[in-house]
Amino acid sequence: MGTRKKVQAFVRVKPTDDFAHEMIKYGEDNKSIDIHLKKDTRRGVVNNTQTDWSFKLDGVLHDASQDLVYETVARDAVSQALDGYNGTIMCYGQTGAGKTYTMTGATENYKHRGILPRALQQVFRMIEERPTHAITVRVSYLEIYNESLFDLLSTLPYVGPSVTPMTIVENPQGVFIKGLSVHLTSQEEDAFSLLFEGETNRIIASHTMNKNSSRSHCIFTIYMEAHSRTLSDEKYITSKINLVDLAGSERLGKTGSEGRVLKEATYINKSLSFLEQAIIALGDQKRDHIPFRQCKLTHALKDSLGGNCNMVLVTNIYGEAAQLEETLSSLRFASRMKLVTTEPAINEKYNAERMVKNLEKELALLKQELAIHDSLSNRTLVNYDPMDEIQIAEINSQVRRYLEGTLDEIDIINLRQIQEVFNQFRVVLSQQEQEVESALRRKYTLIDKNDFAAISAVQKAGLMDAEGHLVGEPDGQSFGLGVAPFSVKPGKKPRSKKTLKEQFSISARKEGASSPVSGKDFEVVSISKTQLVPSSKDGDIKDMLSRDRETSSIEPVPSDSPKEEVRPTRPSTPPSKPVAFEEFKNERGSEINRIFKENKSILNERRKRASETTQRINAIKQEIDVTKEALNFQKSLREKQGEYENKGLMIIDEEEFLLILKLKDLKKQYRNEYQELRDLRAEMQYCQRLVDQCRNRLLMEFDIWYNESFVIPEDIQAALKLGSSIRPGMVPVSRIVSLGEDDQDRFSQLQQTVLPEGPDSISFYNAKVKTEQKVTWDVHVCEGGGPKDFITRAPRITNPVE
């Protein structure tokens, strides 16, 4: 276990021109802050209200750059995470005090990036410095909005919205969010793309104190797993870093929030109040119960607050006199957080596969050492490998000769040989018992005392009296026991017992329509089984593959064909996009639209079949439950009436036997139907991918066609005709119709000005440009009206500003 340590708490003061120098003072060591309030003279001469406060912290950051903030607050926690220690960095404070700027920073300027992007950069830089380890990095982005959990990365095309709501689950390894997507990132640029994707989905709103106020708590988590490249090392370490950007506490009288923003502020203040209660409980050593489950925020951060991680708090405050009450509240929270202790420990785990290989190597080495020891002790015949059939047969022969008296003793070689000797004694004893029993059966008729049917048959034949003594013809040797004539031996079963085939035929002739074990039921089950066998899907799969190839092979109609295209007269006013989209689907996009509809119909047909299969599975499950109940009733009835055994085997009646057969058949049907349902789900997933591809292709072709037909000026189109290497659709319409610079021009200029000073920023800007282009494309398509029905969107709307 690790050593206990206090939570680190820092304060960052937001720069302002109206700083209250008379009320806020910093300590000389830059680790304390003093607050002084003037007494209110309106309360009279006797006024005992507190006017001075002093707070001891780990550091006060005033007029500090983003570089200094990261070096002071986060660098140590991130570097220790690669050594196996969990870490949590949290920003807390009043709304508009700079929490999001501290955590995320300004994405427009590389130098103003916050703790989160700098932590990602440090992680990948340190991975490059550790070539002896294979380190994998995964990230997730969680949002807590109005006490509901949302995945900020669910808008990615390969994730999609979750059907079931996300929940917080606890296990011995810690707390995790069920349903939250975790994404593997192999390079720095991919991690930045995921960060910017999540930032575009965050919910913000505007009020009097902050134009872009975060309306939710966000937790960006970096998961790391480090394996040694040395194959003999079975240990590996795991760790995670939680970067928490809390929503700011609000005073409704100052923010002037109304409507939805007011409701959001209520949820934010409530969750922050529960967070403070949990912190107070953690700081009290006498408290046994910590109220983590009061809200989603404290529950999700349960293993971070006072757990086995390095905890760092950054409290953002205003330096203005008008906000002094909120500043005091934030500083009290920071001082309470410093009372919380954590116990960081390295998260070590073991690779089972490597451990088995190491144990095998160690076993082989120990065998070699034993072989050397035996050779030095003149024990060359000792073998530690498992015995083969020849050695077992030799030990069996030695045991038999020992029992017969021809062998005086058995030589002891090793422990494995001793165990096999005892085992062969057991085998020989069992064989001799069987030989004695078979010899007695050849001469006498043996009756089991527990076989009441055989005993009653012997008594009826007059071979046994009422007291259980056997009688019969003397054998001539003056013994009291007699030898019964062979014709009346009770070993034969009475004729009243019917064979199993006769029992089946009798039960089949009975009226048993309502009985669950009648012969008719067996026939029906067999027929239904043949009906439920899935038909061959090879033809359908081949059709889908051919359509996939057909979709991927569709190309836009080139404009440089030998025959000059006769273009219709362009209308003076471009038509609306819904009308143009219908026209496009009937003309140029007819082929893609046809393939899209066919794939959609196949997907719907697979969904229908999956629904029917699910209903059949449920029906079979209900029938299995009914059969189990009937079988349990028969077993309990048999136990009450008394159980019968024959040679150690339980005797059951006909009805229970038929129930067992029926249950076995129903389980087989259930497995077949479930396998068919799994196959259908796989086909549905494949069909969904084809439908998404066709939808995206249809939208892209429509956008190109609409720009060529109605947006690009005709004189520019004339320059794009025959003889030109540029075809319509290759150049963005914004580049053609506007003389202004586009995103690529701005990015090129940005590279020329910024990269010489900061060459590490290329991944940051590449990811930012990709995210902006994606957002621009989504907004452009959705504004059109018609094609937006085919866009897969998240189940909630971002930026719900009143």
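The values are calculated or read from the model by the stated rules, or taken from the named source; none is laboratory data. A quick note: this is a predicted structure, and the numbers were derived from the prediction, not measured. Heads up, the Cβs are rebuilt from the backbone with ideal geometry, glycines too, and the neighbour counts pull from every protein chain shown. Please note that ligands, DNA and RNA were not included when accessible areas were found on the heavy atoms of the full protein model with its side chains. Shrake-Rupley method; radii C 1.70, N 1.55, O 1.52, S 1.80 Å.
Structure notes:
- Using a Förster distance of 30 Å, the FRET efficiency for Glu343-Tyr26 (Cβ separation, nearest 0.05): 0.40
- Residue-level accessible surface for Thr406, protein heavy atoms, 1.4 Å, Å²: 100
- Distance between the 7 Å Cα→Cβ label points at Phe710 and Gln368: 8.0 nm.
- Here region 329-392 exposes an accessible surface that is 58 percent carbon and sulfur, computed with a 1.4 Å probe and the other protein chains kept in place.
- Heavy atoms of the protein chains alone define the surface here; on that basis region 69-196 has 40 Å² accessible area per residue at 1.4 Å probe size.
- Residues Met311, Met700, sorted by accessible area with the largest first, give Met700, Met311 [1.4 Å probe; ligands and nucleic acids excluded].
- Relative contact order (percent, whole number), region 343-452, Cα cutoff 8 Å, 6+ residue spacing: 19
- The slack between Asp83 and Ser335, meaning 0.36 nm per residue of separation minus the straight C-alpha distance, is 87.8 nm.
- Accessible surface of Phe422 - all protein chains present, 1.4 Å probe, nearest 10 Å²: 140
- Phi angles of region 653-667 translate, via the Karplus equation with coefficients 6.51, -1.76, 1.60 and θ = phi - 60°, into HN-Hα couplings of 7, 5, 5, 5, 5, 5, 5, 5, 5, 5, 5, 5, 5, 5, 5 Hz per residue; Gly and Pro are given as x.
- Whether region 56-159 is rounded, prolate or oblate, judged on the alpha carbon gyration tensor where a/c under 1.5 counts as rounded: oblate
- Taking all protein chains as they are arranged and a probe of 1.4 Å, the heavy atoms of Ser140 leave approximately 0 Å² accessible to solvent.
- Legend: residues Arg616, Arg379, sorted from most to least accessible area (1.4 Å probe; ligands, DNA and RNA excluded), read Arg379, Arg616.
- Among the listed pairs Lys608/Lys768; Lys240/Lys270; Lys235/Lys286, a Cα-Cα separation exceeding 32 Å is found for Lys608/Lys768; Lys235/Lys286.
- For region 392-424, the set of GluC sites (Glu not before Pro) satisfying both a DSSP loop assignment and a count of at most 14 other C-beta atoms within 10 Å is given as Glu409.
- Taking the Cα centre of region 259-405 as reference, the dipole from Cβ charges on Lys and Arg (+1) and Asp and Glu (-1) amounts to some 780 debye.
- Note that region 580-591 has calculated 3J(HN,Hα) couplings of 5, 5, 5, 5, 5, 5, 8, 10, 5, x, 5, 5 Hz, one per residue in order, obtained from phi through the Karplus relation 6.51 cos²θ - 1.76 cosθ + 1.60 (θ = phi - 60°); glycine and proline are x.
- Amide H to amide H, with H built 1.01 Å from N, Leu61 comes under 5 Å of Val11, Arg12, Val13, counting only residues 5 or more places away or on other chains.
- The accessible-area ordering, largest first, of the residues Ser65, Ser154 stands as Ser65, Ser154, per a 1.4 angstrom probe.
- Surface composition of region 587-641: carbon and sulfur make up 49 percent of the accessible area, probe 1.4 Å.
- J(HN,Hα) series, region 281-289, from Karplus relation 6.51 cos²θ - 1.76 cosθ + 1.60, nearest Hz, glycine and proline x: 5, 5, x, 8, 5, 8, 7, 8, 9
- Angstrom value of the Kirkwood radius, inverse mean 1/r, which spans all Cα pairs in region 231-390: 21.4
- Euclidean distance of C-alpha centroids, region 59-117 and region 383-425, integer Å: 74
- Each residue, Thr136 and Ala619, gets one label point 7 Å from its Cα in the Cβ direction; the gap between the two is 4.4 nm.
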